[in-house]
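The values are calculated or read from the model by the stated rules, or taken from the named source; none is laboratory data. Note that the coordinates shown come from a computational prediction; the quantities given were computed from them, not determined experimentally. No Cβ is skipped: glycine too gets one built from the backbone with ideal geometry, and neighbour counts run over all protein chains shown. Heavy atoms of the whole protein, side chains included, go into the accessibility calculation; ligands, DNA and RNA do not. Shrake-Rupley method; radii C 1.70, N 1.55, O 1.52, S 1.80 Å.
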Amino acid sequence: MTANGAADVFLLDGEPIPFAPGQTVMQAALAAGHYIPHLCFHHDFKPHGSCKVCTVRVDGATTASCTLPAQAGMSVECKADDLEENRRTLVQMLFVEGNHFCPSCEKSGNCLLQAVAYDLGVLDADLDYFFPSRPLDASHPDLLLDFNRCILCELCVRASAEVDGKHVFALSGRGIGKHLIVNAESGRLVDTTVAVTDKAVDVCPVGVIIRKRVGFAVPIGRRRFDARPVSAQALEDAPRRAPPEAAP
Amino acid sequence: MVDAAPPSPNVARLDAVVAAHGARATELVQILRDAQALDGWLPPATITYLAHRLRLPRARVEGVAGFYAFLHLTPAGRYRVLFSDNVTDRMAGSLDLLDRLCTSLWIERGKVSEDGLVSVDTTSCTGMGDQAPAILVNGRAIPRMTPERVDAVAELIRAQVDLCEWPADLFAVADNVHRRDVLLDAIVAPGDALRAAIARGAREPERAGSARSWREGVPALPQGPAATLEEIKRSNLRGRGGAGFTTGLKWEACRTAPGTTRYVVCNADEGEPGTFKDRVLLARHADLVLEGMTVCAYAIGATQGFVYLRGEYEYLAAPLRATIARRRAANLLGTSILGQRGFDFDVVLHLGAGAYVCGEESALIESLEGKRGVPRNRPPYPVTHGYLQQPTVVNNVETFCAAALIALNGGDWYRGLGTPRSTGTKLLCVSGDCARPGIYEYPFGTTVRQVLADCGAERTQAVQVSGPSGTCIGAAEFGRKLAFEDLPTAGAFMVFDDTRDMFEVARNFAHFFAHESCGFCTPCRVGTTLLRNVMDKIHGMRGSQHDVDRIRRLNRLLQASSHCGLGHTACNPLLDTLKRFRPAYERRLQSLDFEPAFDLDGALARARAMTGRDDASAHLAEVDEDASAVAGRGQP
């Protein structure tokens, strides 16, 4: 709050956004009903800013909005042609880096990567595919790990450590060889303490952590993002706060 | 969540390693290095046991080990030979020598021999640019490789001679200092700069009102530490690691930041290809480096220091530790340094394990804390939230040397050297096509042409200033000055004569960045690999204008959205060479239009063979022409 009692605000594409101390631009924007495209951000976890899809411009400098502390009076540009173009390329990069076959994927329609891609108008990969070789881990009786679809958002890593208290998932490797690992000497999920009820299982935004025996229970076409674009639904998920009262 | 301890034949030896590091999780990179020395790699049971002993999740330990190029999660051979793969090594024939060694040992590059004896591969620049080509054997540097030395190495490996019994002359590293100025000429007895700093405070009048302890971080006026800080600020010294941040401001920000403990970190992770000055400073002037760190500790009130030495310079670790011990014995480190009550400061040496990105200060701090070397989100900056979230100064080796000289001779003396915006001198690491590669110290403001003349470079086509992340200039720009206001440099100065193919230089650097990207952010992780692939495609004579445009588009993305400087600068060598040496690209481009990544018509060859057809319409180009001809006739 400022000295005169009014909420602190910053401008997002010219619109005033109120914010609480400690909030980042992304957190404040979502709370105020303004969508900024994102993949690795999740309202339950401390943002870390790796996917860079949420990159915005402030005073001529570009930066990830999920980790950018909101400051009174800052002017944030989110909807700009070059920023949108960069977002599309980043999403395309994630598609070519892994192996994503949406038509046969159990996550299709519930997949954040797919939803954000459609929302941004990404209709092809444009870049050359890497076609990496990433074996599945089907060792666990109730869960399947399909690393082909991993976008390295670290949400399962964060959820397992912070919510489940288990550290089932971690990252290893470096650069384009960075990859998800599980907490077992065998390297297999069955030898970890993971449970189907874990937050880490629930939080995967793409089709890496898949529950067995429930595949396609809801047909493609009637799934979450088949109904409405992610830009509308992300706002419903975010902890909301009342929009600032309109000036008289 | 801690895993149960498994049985392991190595338990006693691993216990000794863990105990030597106080079982501290912050020492994880050091512990993994030492544990690997036992078997030459880190078997799964070793990872599990270390995780158990350090009370860390096993996956976390594996994730850290998996980050560093010199730590192996799969067997890598009893002898692990790595050829430095900077472009200057290649120019000196490194690839032929690598082939010679592989042939001699009957092995395939990148694969361990079937008996588990040896592997041979490449690694990023090992900091021996003036004595290229260089190799590392189990982390030990061997410069000046020749066919004879390759054969000698092959024989020693075949005979399974223990590395410590190899002939000493193999490991001899030359300093090759060819031009000295105030830094390399300085004769400073250990402690002189510190005594000067302490005396400078004593000369100033005491002010009772602000006589709080300097340890409290209050900028209390003219006592010793504050007076020392004033001299550093007056000198206008700027960081020598490349970014050029004003050292005095960094120290002051750290001094005034709230915190319980302050840290001084010497960044000796000299990873920028073509740079080797810190190696020479640490070999010849280790006391001056440590003196500068201690001066910094005095000025900011730090109690703990670290030297983060790149793994490639492991051979310098023992002498450095000896210097640290000697200074401790002389009361130049430890408690009540030089009899000053409350002036307590000590230094610990940490070794890297093969990760260029750890030269970025926040990634370096992560590595010091025993984690993957991933740059942090900033702000907050290390000066307020550094090692263990405490105020931390990270400076380059050369910066600390300069700081020691300033403490001794004063800020006014130093600002009289160089140019107004780039005070003092700079060490250059000259390598490539010249008669006298090595270290050259010049005042800032020296022209590129002057350096080329002094090092005996002839018919020079280009100079890569400050390494791949710096600037590549052509002959028209040799009048430019080496200074922050014109050509900023961290030291690398790679010379290319007119026989060199500048496209191949850029391609080598593209491979370097792809190899060294930490992988944290999407644009750099995927973008550096896309750049590498584009350069390989053009190299294979399959590139087109479309690929050149792709480089420019990737550059815009990496500039706008990368997490740290590695991604921001990864396109520099490509754009610089495109701008100045465009024909090197153009003569490789297939057409000036689009060319797909694979040969579509070629892919149809098998179908043609199976159907017994080879007529015009069974070929892609002809089909396209037919289609456009049809369109031309106005049919639907």
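For this structure, a couple of remarks:
- Some residue of region B:523-532 being more than 20 Å from A:CYS54 (Cβ to Cβ), within 12 Å of chain A (Cβ to nearest Cβ), of a type in the set (Ser, Thr, Tyr) and part of a helix (DSSP H, G or I): yes
- Test: residue in region B:291-314 that is farther than 21 Å from B:ALA227 by Cβ and of a type in the set (Lys, Arg): yes
- Qualifying residue in region A:227-239 (condition: within 14 Å of chain B (Cβ to nearest Cβ), touching a residue at least 40 places away in the same chain (Cβ under 8 Å) and in contact with a helix residue (DSSP H, G or I) (Cβ under 6 Å, 6 or more places away or on another chain)): no
- Subset of region A:161-184 [aliphatic (A, V, I, L, M) and outside any loop (DSSP other than H, G, I, E, B)]: A:ALA161, A:ALA170, A:LEU171, A:ILE176, A:LEU180, A:ILE181, A:VAL182
- With respect to the stated conditions, B:ASP576 fails to be among the acidic types (Asp, Glu) and either open to solvent by 40 Å² or more (accessible area, probe 1.4 Å) or at positive phi (or both).
- Residues satisfying the stated conditions in region B:213-256, i.e. part of a loop (DSSP other than H, G, I, E, B) and modelled with pLDDT under 95: B:SER213, B:GLY217, B:VAL218, B:PRO219, B:ALA220, B:LEU221, B:PRO222, B:GLN223, B:GLY241, B:GLY242, B:ALA243, B:GLY244
- Residue list for region A:100-121, filter: within 14 Å of chain B (Cβ to nearest Cβ) and either in a loop (DSSP other than H, G, I, E, B) or open to solvent by 40 Å² or more (accessible area, probe 1.4 Å) (or both): A:HIS100
- Exactly one residue out of A:HIS42, A:HIS38, A:HIS48 is away from chain B (no Cβ under 14 Å) and out of contact with any His (no Cβ under 9 Å at 6 or more places or on another chain): that is A:HIS42.
- Tabulated pairs, region B:362-391, first of a type in the set (D, E, K, R), second assigned to a loop (DSSP other than H, G, I, E, B), C-beta under 7 angstrom, 6+ apart or interchain: B:GLU366/B:ARG372; B:GLU366/B:GLY373; B:GLU366/B:VAL374; B:GLU366/B:ARG376
- A:LEU152 being within 13 Å of chain B (Cβ to nearest Cβ), buried (at least 19 other Cβ atoms within 10 Å of the Cβ) and either aliphatic (A, V, I, L, M) or in contact (Cβ under 8 Å) with a residue 24 or more places away in the chain (or both): yes
- Considering region A:122-140, the residues that are of a type in the set (A, V, I, L, M, F, W, C) and open to solvent by 20 Å² or more (accessible area, probe 1.4 Å) include one that is nearest to the other protein chains (Cβ to nearest Cβ), namely A:PHE130.
- Residue within region B:496-514 that is part of a strand (DSSP E or B), at negative phi and either within 9 Å of chain A (Cβ to nearest Cβ) or touching a residue at least 60 places away in the same chain (Cβ under 8 Å) (or both) present: yes
- The lone exception for B:PRO443 - which of (1) surrounded by fewer than 20 Cβ atoms within 10 Å (Cβ to Cβ); (2) of a type outside the set (Gly, Ala, Ser); (3) not assigned by TED's automatic domain parsing to the domain that holds B:GLY491 it fails: (3)
- Within region B:171-200, tally of residues that are of a type in the set (S, T, N, Q) and open to solvent by less than 30 Å² (accessible area, probe 1.4 Å): 0
- Residue within region B:600-616 that is at pLDDT below 95 and either within 14 Å of chain A (Cβ to nearest Cβ) or open to solvent by less than 20 Å² (accessible area, probe 1.4 Å) (or both) present: yes
Per-residue answers, yes or no, for (1) surrounded by fewer than 15 Cβ atoms within 10 Å (Cβ to Cβ); (2) at the interface with another protein chain (Cβ under 8 Å from one of its Cβ atoms):
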| site | (1), (2) |
| --- | --- |
| A:VAL163 | no, no |
| A:ALA170 | no, yes |
| A:ILE176 | no, yes |
| A:VAL194 | no, no |
| A:PRO205 | no, no |
| A:VAL208 | no, no |
| A:ARG211 | yes, no |
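- For region B:304-353, a tally of residues being part of a helix (DSSP H, G or I) and either open to solvent by less than 30 Å² (accessible area, probe 1.4 Å) or β-branched (Val, Ile, Thr) (or both) returns 10.
- Criterion violated by B:LEU136 - all others in (1) buried (at least 22 other Cβ atoms within 10 Å of the Cβ); (2) more than 17 Å from the chain's Cα centre (by Cα); (3) among the hydrophobic types (A, V, I, L, M, F, W, C) satisfied: (2)
- Single unsatisfied condition, A:GLY221 versus (1) over 20 Å from the mean Cα position of the chain (by Cα); (2) more than 13 Å from chain B (Cβ to nearest Cβ); (3) over 24 Å from A:TYR35 (Cβ atoms): (3)
- Qualifying residue in region B:442-462 (condition: aliphatic (A, V, I, L, M), farther than 30 Å from B:THR247 by Cα and either in contact (Cβ under 8 Å) with a residue 40 or more places away in the chain or part of a strand (DSSP E or B) (or both)): yes
- Check on B:ILE473, part of a strand (DSSP E or B), away from chain A (no Cβ under 11 Å) and surrounded by fewer than 24 Cβ atoms within 10 Å (Cβ to Cβ): yes
- Test: residue in region B:400-423 that is within 14 Å of another protein chain (Cβ to nearest Cβ), at negative phi and not charged (D, E, K, R): no
- Residue in region B:543-556 that is out of contact with any Leu (no Cβ under 8 Å at 6 or more places or on another chain), within 11 Å of chain A (Cβ to nearest Cβ) and buried (at least 24 other Cβ atoms within 10 Å of the Cβ) present: no
- Residue that is modelled with the highest pLDDT, among those in region B:531-542 that are open to solvent by 10 Å² or more (accessible area, probe 1.4 Å) and of a type in the set (A, V, I, L, M): B:VAL534
- None of B:GLY519, B:GLY491, B:GLY527 is crowded, with 21+ Cβ neighbours inside 10 Å and touching a Cys at 6+ places or on another chain (Cβ under 6 Å) except B:GLY491.
- Selection within region B:32-65: residues that are in contact (Cβ under 8 Å) with a residue 60 or more places away in the chain and under 20 Å from A:PHE169 (Cβ atoms). The member of this set that is farthest from the chain's Cα centre (by Cα) is B:GLY63.
- Residues in region A:178-192 that are farther than 23 Å from A:VAL96 by Cβ and either away from every other protein chain (no Cβ under 11 Å) or among the aliphatic types (A, V, I, L, M) (or both): A:VAL182, A:ALA184, A:ARG188, A:LEU189, A:VAL190.
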